[in-house]
Amino acid sequence: MRLPYLAACLTGLLVLAAGPAAAFQIEEERNFPVADATATLEIISTGDLAIFAPLVEAFQARNPGIAVHYITASSTALMTALYEERAVFDIAMSSAMDLQTKLANDGYALTYTSATTATLPEWARWRDQVFAFTQEPAVAVVSKKAFEGLPMPGNRNELIALLRENPERFEERVGTYDVRSSGLGYLFATQDSRQSESFWRLSEVMGRLRARLYCCSGQMIGDVASGRLAVAYNVIGSYVKFNGNDDTWIVPFKDYTNIMLRTVMIPRTTRQPDLAGRFVDFLTAPENRPAISNLSGLPPIDPETLEVEAALRPIRLGPGLLVFLDQMKRRTFLRAWLSAMVQP
Amino acid sequence: MNQPFKPAISATGSLRRRLIVQLLVIAALLSVVLYVSVSTFARQAAETTQDNILEASAAAISEAARAERDQVFLDIPYSALSMLGAVSEERVFYRVMVDGVTITGYADLPAPEVPPKLRRPSFETTVFRGDEVRVVATVRRITVADETVRLTVLVAQTRAGLAAISLRISIAAAAVGIGFFLVSGTLSWFAARNALRPLDLLAQSVARRGAHDLRPVRSDAPSELVPLLVALNSFMDRLRASLMRTEEFIAEAAHRVRTPLATVRAQAEIALRSVKQPHNRQTMREVIRAVDESSRSAGQLLDHAMVTFRSDNLARTEFDLEELARDTIRGIGPTADLKDIAIRFSAEAGLGKVKGDAILVQSALRNLLDNAVKYSPEESTIEVAIARKGRTARVSVRDQGRGFGDGDVERLKGRFDRGTNVADVVGSGLGLTIVDEVARAHGGSLDLASNERGNGACVFLTLPLA
Ligand SMILES: Nc1ncnc2c1ncn2[C@@H]1O[C@H](COP(=O)(O)OP(=O)(O)OP(=O)(O)O)[C@@H](O)[C@H]1O
Ligand SMILES: [Mg+2]
């Protein structure tokens with residue numbers, strides 16, 4: 001996610017041509033050594049080390065003697081590593097649900113069942129290969145100052161109306177993902193398009209306001225905080241809390257809120273499936289949820305909240321996610337998005 | 001005659017077993033048919049369901065295709081693939097081709113060998129990427145730039161869940177089949193038993209009969225057994241007639257022998273008186289003794305024949321056993337007096353009556369008393385007592401004679417069997433035979449024992465009370 005989609009693809013291909021060792025693009029890398037290590041758990045993840053290091057350490061505290069080698073990569077690089085290069089990893093964690101689904105669907109994931117994974121709700125696992133361990137809503141983040149004198153939007157139609165009626169205020173101050181380069185942005189946008197027609201109208205309005213396009217949630221949130229942006233649309237809500245700011249406010253959309261499930265899976269290339277299973281159990285165990293969310297700031301799997309709030313819609317794992325990965329579908333979608341977003 | 005009847009017949013298999021085995025084979029066949037049909041039906045139903053979803057998915061994809069400028073343009077609907085994930089978590093693959101050239105999807109997904117026709121999709125089960133998959137292929141014509149092209153859509157889904165369902169159903173079907181077999185096996189066992197019950201009953205009623213019971217079998221029998229019964233009855237009829245002829249012949253013969261023997265004895269007595277020479281007197285005595293033996297034999301043979309004949313069609317009249325015993329004792333009185341033997345008689349009060357043939361019972365009593373007197377020394381006492389024992393009356397005759405000795409006592413009931421201790425006592429060996437047969441004919445028994453009060457024999461004749 002951190003790297004432009006196309007760039008990652010290209011780099012992946014280029015490096016693949018160069019040689020087999022770690023041809024995919026690594027962003028960050030860290031060893032978590034222990035004395036008298038009996039095994040090393042190889043993790044590839046799209047999650048920042050800043051967020052995941054405490055989790056890894058908590059896992060090590062509970063499983064003495066396990067060293068961890070943690071690699072951060074973009075979701076496309078992760079896909080390249082596992083799908084094309086068949087790199088050896090014990091754990092793959094990603095926010096790109098569609099790519100994780102494709103990996104599992106195409107046979108790159110190991111089936112794992114345990115008493116712990118069985119406690120996950122139906123919607124939080126697929127084929128006993130992909131397991132969700134966080135539920136992160138896609139939200140709109142606004143700067144309260146920028147909305148002074150205006151009512152706060154409660155749903156997308158209201159947001160569209162506000163943007164349309166106040167072009168001078170929002171011109172070049174609206175931000176969203178560049179879905180061409182961001183896998184997560186693409187996932188959110190496609191799910192939006194599935195949920196409601198309003199997405200295309202919103203895109204059109206944002207395009208007319210010459211919206212800024214971003215690669216990542218963090219930058220957008222930062223720009224809202226600094227006042228450069230009035231609205232950032234389809235941002236990972238949990239990051240906002242992480243950055244905490246007085247002026248920044250999350251719009252509680254009442255029409256619907258897509259929820260991304262961060263998922264973990266055991267790649268087929270693993271040489272220590274039992275150890276990998278232990279890590280999956282660690283992430284998915286109900287009793288670990290509070291600790292994990294405290295350590296990482298990521299919202300845990302929480303079926304109760306989803307039941308109470310009808311607007312929260314977890315993106316469904318399953319073959320439906322393969323649809324937007326279809327080459328033609330992607331081309332069509334990007335064409336439509338581009339014509340709405342980037343207006344002459 | 002006391003030996004149980006040992007058939008010289010070896011059984012060639014058992015009707016019941018044959019019946020059960022055949023019924024079991026049928027049950028097993030039915031179970032297998034049940035299992036096969038249930039599991040195939042279930043599998044087909046599951047397959048049809050999957051085929052239907054696959055076809056719907058392929059159709060949805062196919063319909064989404066349209067011509068745009070000079071190209072086929074396809075915007076796969078989200079539902080086309082998501083519907084495949086609705087029921088099960090199977091892996092999903094698809095491939096879209098225009099005139100055989102893949103435009104999107106998994107280019108290596110194999111098409112079914114039978115090509116699809118317009119509006120007639122084709123299905124195939126193959127292996128793709130290590131899993132068994134069900135593939136559907138649909139075809140449609142699209143006109144692109146004035147040219148008609150064939151749009152082929154393949155959609156495939158793994159069958160792991162289906163296989164699991166099939167397995168579960170198969171196991172359930174197997175359980176049902178086994179259960180069916182067990183139930184029908186048990187039922188066929190009962191059925192065989194029931195069907196053969198009349199045969200068992202007939203065999204039992206024939207086997208239960210006394211050795212001399214040659215009355216026709218009168219029990220009701222199923223039509224299949226009637227010929228056998230008729231044959232059996234006619235056979236017994238003939239046997240009875242032939243037996244009767246034999247007995248009649250014996251009686252006639254005995255009678256015819258006895259009369260001239262009496263004459264011979266009388267003449268011999270007269271001759272003995274006139275003969276003076278000791279040697280000749282001895283000869284005469286032996287002649288008389290031989291005549292006595294013959295005459296006794298003839299008499300006993302006659303009695304035996306009578307007993308056999310009368311027990312065949314036993315009279316069932318009630319009579320007073322005590323009175324009958326007194327009569328018989330009175331009859332034997334003179335013979336006992338000759339040896340100065342006293343006969344003491346006692347009977348339990350309120351004994352009740354015995355049902356049967358008084359003549360036969362009297363003959364039995366006479367033989368018992370005759371033995372007691374014959375085998376007792378002079379000036380001894382014979383005790384006759386009648387006592388009630390349960391639902392029977394028991395006559396006991398005790399003497400102070402030589403007793404039965406140590407040999408096989410039961411043997412003495414046999415025809416012409418005499419003890420080793422008879423010395424010069426005249427006898428034919430038929431007495432106890434007669435008593436035994438009378439006892440059996442009445443459903444009673446004859447028991448030989450030693451006199452528990454010292455020397456001598458003790459004989460019990462047990463007869464059921466009316
Ligand atoms: N009261 C008895 N005491 C001793 N032995 C007896 C007595 N009654 C019968 N027996 C023995 O049993 C044998 C069989 O008796 P059974 O009455 O059948 O024949 P039997 O007396 O010899 O001849 P018969 O036919 O003339 O009576 C006798 O030969 C005798 O040895
Ligand atoms: Mg006798």
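Descriptive notes on the structure:
- Taken together, B:ALA27, B:ALA42, B:ALA11 contain a single residue that is outside any helix (DSSP H, G or I) and among the small types (Gly, Ala, Ser), which is B:ALA11.
Residues checked against (1) of a type in the set (Phe, Trp, Tyr); (2) surrounded by 17 or more Cβ atoms within 10 Å (Cβ to Cβ); (3) in a helix (DSSP H, G or I):
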| position | (1), (2), (3) |
| --- | --- |
| A:LEU99 | no, yes, yes |
| A:ASP128 | no, yes, no |
| A:GLY154 | no, no, no |
| A:ALA189 | no, yes, yes |
| A:GLY207 | no, yes, yes |
| A:ARG210 | no, no, no |
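- Matching option when the condition is more than 8 Å from ligand 1 (Cβ to nearest atom), under 30 Å from B:GLY350 (Cβ atoms) and in a helix (DSSP H, G or I), among B:VAL395, B:VAL438, B:VAL384: B:VAL438
- From the options B:ARG411, B:ARG402, B:ARG418, residue that is away from chain A (no Cβ under 14 Å), within 7 Å of ligand 1 (Cβ to nearest atom) and without any contact (Cβ under 8 Å) to a residue 12 or more places away in the chain: B:ARG418
- Of everything listed in (1) in contact with a Pro (Cβ under 6 Å, 6 or more places away or on another chain); (2) of a type outside the set (S, T, N, Q); (3) within 7 Å of ligand 1 (Cβ to nearest atom), the single unmet condition for B:GLY443 is (3).
- Top-ranked residue in the stretch B:361-383 [being more than 16 Å from ligand 2 (Cβ to nearest atom) and not hydroxyl-bearing (Ser, Thr, Tyr); ranked as nearest to the other protein chains (Cβ to nearest Cβ)]: B:VAL361
- Single match in A:SER339, A:SER296 (criterion: away from every other protein chain (no Cβ under 14 Å) and at pLDDT 90 or above): A:SER339
- Selection count where residues are within 11 Å of chain B (Cβ to nearest Cβ) and over 15 Å from A:PRO121 (Cα atoms), scope the stretch A:305-324: 6
- The stretch B:208-227, residues that are small (Gly, Ala, Ser) and free of Cβ contacts under 8 Å to residues at least 40 places away in the same chain: B:SER219, B:ALA221, B:SER223
- Qualifying position, being surrounded by 11 or more Cβ atoms within 10 Å (Cβ to Cβ), in contact (Cβ under 8 Å) with a residue 40 or more places away in the chain and not basic (Lys, Arg), among B:VAL275, B:VAL257, B:VAL264: B:VAL257
- Checked against (1) touching a residue at least 24 places away in the same chain (Cβ under 8 Å); (2) surrounded by fewer than 17 Cβ atoms within 10 Å (Cβ to Cβ); (3) more than 14 Å from chain B (Cβ to nearest Cβ), A:LEU334 meets all criteria but (3).
- Qualifying residue in the stretch A:72-85 (condition: outside the structural domain of A:CYS216 (by TED's automatic domain parsing), at pLDDT 95 or above and more than 17 Å from the chain's Cα centre (by Cα)): no
- Residue match in the stretch B:287-303 (condition: under 17 Å from B:ARG366 (Cα atoms), among the charged types (D, E, K, R) and modelled with pLDDT of 85 or more): yes
- Within the stretch A:212-221, if we keep just the residues that are touching a residue at least 60 places away in the same chain (Cβ under 8 Å) and in a helix (DSSP H, G or I), the residue that is surrounded by the most Cβ atoms within 10 Å (Cβ to Cβ) turns out to be A:MET220.
- Selection within the stretch B:450-466: residues that are away from ligand 1 (no atom under 11 Å from the Cβ) and within 25 Å of B:GLY356 (Cβ to Cβ). The member of this set that is farthest from the other protein chains (Cβ to nearest Cβ) is B:LEU461.
- The one condition from (1) away from ligand 2 (no atom under 16 Å from the Cβ); (2) on the phi < 0 side of the Ramachandran plot that B:GLY390 does not meet is (2).
- Taking the stretch B:192-222 as the range and being among the aliphatic types (A, V, I, L, M) and either exposed (fewer than 14 other Cβ atoms within 10 Å of the Cβ) or in a helix (DSSP H, G or I) (or both) as the test, the residues that pass are B:ALA192, B:ALA195, B:LEU196, B:LEU199, B:LEU201, B:LEU202, B:ALA203, B:VAL206, B:ALA207, B:ALA211.
- Residue ID - surrounded by the most Cβ atoms within 10 Å (Cβ to Cβ), chosen from residues in the stretch B:151-185 that are among the hydroxyl-bearing types (Ser, Thr, Tyr) and modelled with pLDDT of 90 or more: B:THR158
- Restricting attention to the stretch B:57-73, the residues that are closer than 15 Å to B:THR138 by Cα and surrounded by 16 or more Cβ atoms within 10 Å (Cβ to Cβ) add up to 8.
Here is a yes/no grid of residues against (1) within 16 Å of ligand 2 (Cβ to nearest atom); (2) within 14 Å of another protein chain (Cβ to nearest Cβ); (3) free of Cβ contacts under 8 Å to residues at least 40 places away in the same chain; (4) of a type in the set (D, E, K, R):
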{"site": "B:ARG310", "(1), (2), (3), (4)": "no, no, no, yes"}
{"site": "B:THR317", "(1), (2), (3), (4)": "no, no, no, no"}
{"site": "B:ALA325", "(1), (2), (3), (4)": "no, no, no, no"}
{"site": "B:GLY350", "(1), (2), (3), (4)": "no, no, yes, no"}
{"site": "B:LYS353", "(1), (2), (3), (4)": "no, no, no, yes"}
{"site": "B:ALA358", "(1), (2), (3), (4)": "no, no, no, no"}
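- Failed item, numbered, when B:SER82 is tested on (1) over 17 Å from B:ALA156 (Cβ atoms); (2) free of Cβ contacts under 8 Å to residues at least 12 places away in the same chain: (1)
- Test: residue in the stretch B:119-133 that is more than 30 Å from A:TYR83 (Cα to Cα) and crowded, with 18+ Cβ neighbours inside 10 Å: yes
- Residue match in the stretch B:418-432 (condition: in the same structural domain as B:THR328 (by TED's automatic domain parsing), out of contact with any Lys or Arg (no Cβ under 7 Å at 6 or more places or on another chain) and not in a loop (DSSP other than H, G, I, E, B)): yes
- Taking the stretch B:410-455 as the range and being among the polar types (S, T, N, Q), closer than 20 Å to B:LEU314 by Cα and within 14 Å of ligand 2 (Cβ to nearest atom) as the test, only B:THR433 passes.
- Among residues of the stretch B:340-381 being more than 10 Å from ligand 1 (Cβ to nearest atom), within 21 Å of B:ARG453 (Cα to Cα) and in a loop (DSSP other than H, G, I, E, B), the one that is nearest to the chain's Cα centre (by Cα) is B:GLU348.
- When residues of the stretch B:320-339 are limited to those that are closer than 26 Å to B:ALA466 by Cβ and surrounded by fewer than 18 Cβ atoms within 10 Å (Cβ to Cβ), the one farthest from ligand 1 (Cβ to nearest atom): B:ASP320
The values are calculated or read from the model by the stated rules, or taken from the named source; none is laboratory data. These numbers come from a predicted model, not from an experiment. A quick note on method: Cβ atoms are made from the backbone with ideal geometry, for glycine too, and the neighbour counts reach across all protein chains shown.
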